[in-house]
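**Student:** Once you've had a glance at the structure underneath, I'll fire off some questions.
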């Protein structure tokens with residue numbers, strides 16, 4: 001996140017402020033909606049997003065998948081320990097590129113406040129490397145599957161406003177980030193899965209026990225940890241044989 005003016009702030013200062021806001025959000029993430037704070041931070045970010053976007057020649061296309069390495073503290077650390085992305089990358093979030101009614105590139109994604117549209121420059125500025133570059137890689141469906149993009153994006157727009165899937169249940173009508181991508185392409189492909197589900201794990205590989213942060217999270221929700229239940233994650237999608245990773249905004253991702 002970058003609540004600073006254009007010019008005058010160093011990359012390290014930008015990263016510090018971004019990290020502060022992300023840490024603040026994620027410390028509160030499991031137990032609060034945070035809608036107001038998300039909107040405030042989004043407004044602050046929008047003012048500086050163009051600063052980066054104007055400097056790069058690469059432009060994603062509708063249907064491109066944006067894999068993001070978020071710096072969100074203990075939750076992201078736990079996810080990274082049990083998921084593997086393309087070439088070992090630590091991807092903890094994913095969205096899909098679309099166009100809004102004004103023909104502007106946006107990102108469809110599922111976050112704590114539900115399925116939403118996010119401006120592309122806002123999405124790119126959420127997490128940055130030491131040089132201030134977005135920690136985002138771009139995946140593109142192979143030609144054989146590109147006919148599914150339009151119906152998948154249309155399905156994504158139809159789901160805007162749906163609640164975030166706090167319990168990671170693939171069978172309910174709520175959505176976490178990678179579940180959104182899985183389900184919109186499932187619908188576009190006549191209910192044939194395009195991406196593969198895998199049993200989820202919330203266990204620390206170093207101890208074999210459930211991460212304390214996840215145990216506390218599900219205890220607060222009053223539900224059992226869904227250990228072993230089918231799910232999907234950004235890292236797994238990034239390794240799918242039906243997509244190619246075509247670009248990385250940062251050279252530190254993989």
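FYI, it's all coordinate maths here, none of it is from the lab. The structure displayed is predicted, hence computed values, not measured ones. So basically every Cβ, Gly included, is an ideal-geometry build from the backbone, and we count neighbours across all protein chains shown.
**Student:** Quick one: if the Förster radius is 22 Å, what FRET efficiency do residue 221 and residue 171 give, using the C-beta to C-beta distance and rounding to 0.05?
**Tutor:** 0.85
**Student:** For segment 113-185, state what percent of all Cα-Cα pairs lands in each successive 10 Å bin, counting from 0 Å until the bin that includes the largest distance.
**Tutor:** Reading the bins upward from 0: 17, 39, 36, 8, 0.
**Student:** Return the distance in nm (one decimal) between the two label points of a simple spin-label model at residue 142 and residue 58, each offset 7 Å from Cα along Cα→Cβ.
**Tutor:** So the two model labels end up 2.1 nm from each other.
**Student:** Let me ask another. Stretch residue 244-residue 150 to full length: gain in nm at 0.36 nm per residue minus the Cα-Cα span?
**Tutor:** 32.0 nm
**Student:** Could you give the length gained by full extension between residue 252 and residue 229, i.e. 0.36 nm per residue of separation minus their alpha carbon distance, to one decimal place?
**Tutor:** Once the chain is fully extended between residue 252 and residue 229, it gains 5.1 nm.
**Student:** Report the FRET efficiency, 1/(1 + (r/R0)^6), for residue 213 and residue 101, where r is their Cβ-Cβ distance and R0 is 45 Å, rounded to 0.05.
**Tutor:** 0.70
**Student:** Using a Förster distance of 35 angstrom, determine the FRET efficiency expected from the C-beta separation of residue 204 and residue 117, and round it to 0.05.
**Tutor:** Once rounded, the FRET efficiency stands at 0.50.
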